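A.B. asks: Here's a structure for you.
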Amino acid sequence: MKIALIILIVIVVGIVGILAFAATKPDVFTVQRTASIKAPPEKVFPFLNDFRQWTIWSPFEKMDPDMKRSYGAITAGKGATYAWDRNRKIGAGNMEILDAPAPQRVTIKLDFIRPFQAHNIAEFTLQPAGDVTNVTWSMRGPVPYFAKIIHVFVDMDKMVGTQFVEGLGKLKAAAEM
């Protein structure tokens with residue numbers, strides 16, 4: 001009986017410790033990666049600004065070949081919309097281009113519906129530097145307390161950052177052709 005009580009106390013202290021540590025996590029997350037692409041911004045920009053072009057380079061497009069995609073009446077530039085729905089890994093959500101001054105930046109409102117709700121901003125910035133364009137892909141959003149608990153165990157920067165690196169590599173290959 002005494003051993004069971006000690007085990008219970010250790011478990012409770014562990015859970016309280018995890019919950020307290022989660023409370024110290026930031027209220028906003030940011031993930032960002034940059035790649036140098038040997039192409040002018042004018043050549044890179046259309047791949048980012050047109051949701052139909054995303055099938056060429058986006059790592060998320062390849063996660064489920066049977067993913068249901070729906071495009072709005074506008075697929076490129078400010079006001080363009082795109083939605084997806086499929087399996088548990090991909091989930092469901094939608095995007096809308098909020099701003100797209102060519103060929104400098106594309107800002108997207110990114111809403112996840114399933115497997116969890118999240119409302120983030122993704123942004124692509126293009127900076128010319130000689131014969132290359134430095135493309136930065138960033139995503140930022142609020143981190144509710146429940147997500148902070150998950151962040152204790154899952155490194156969001158590493159998980160999403162790996163996908164950003166993959167996508168930027170595919171974007172580089174497509175734009176440099």
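The values are calculated or read from the model by the stated rules, or taken from the named source; none is laboratory data. What you are looking at is a predicted structure, and each value in this text was computed from that prediction instead of being measured. All Cβ positions, glycine included, derive from the backbone under ideal geometry; neighbour counts span all protein chains shown.
A.B. asks: Has the range 136-156 got any residue that is loosely packed, with under 13 Cβ neighbours inside 10 Å, modelled with pLDDT of 90 or more and of a type in the set (Asp, Glu)?
C.D. replies: no
A.B. asks: Just the residues that are part of a strand (DSSP E or B) and surrounded by fewer than 12 Cβ atoms within 10 Å (Cβ to Cβ), please, taken from the range 1-48.
C.D. replies: VAL28
A.B. asks: If the requirement is being in contact with a helix residue (DSSP H, G or I) (Cβ under 8 Å, 6 or more places away or on another chain) and of a type in the set (Lys, Arg), which of these qualifies: LYS89, LYS43?
C.D. replies: LYS43
A.B. asks: If only one of PRO46, PRO41, PRO65, PRO101 is closer than 17 Å to VAL135 by Cβ, without any contact (Cβ under 8 Å) to a residue 24 or more places away in the chain and not aromatic (Phe, Trp, Tyr), which one is it?
C.D. replies: PRO101
A.B. asks: Determine whether GLN117 is out of contact with any His (no Cβ under 8 Å at 6 or more places or on another chain) and within 21 Å of GLU176 (Cβ to Cβ).
C.D. replies: Here the answer is no, as GLN117 does not meet what is asked.
A.B. asks: Tally the residues that are more than 14 Å from TRP137 (Cα to Cα) and touching a residue at least 12 places away in the same chain (Cβ under 8 Å), restricting the search to the range 156-172.
C.D. replies: Here the count works out to 1.
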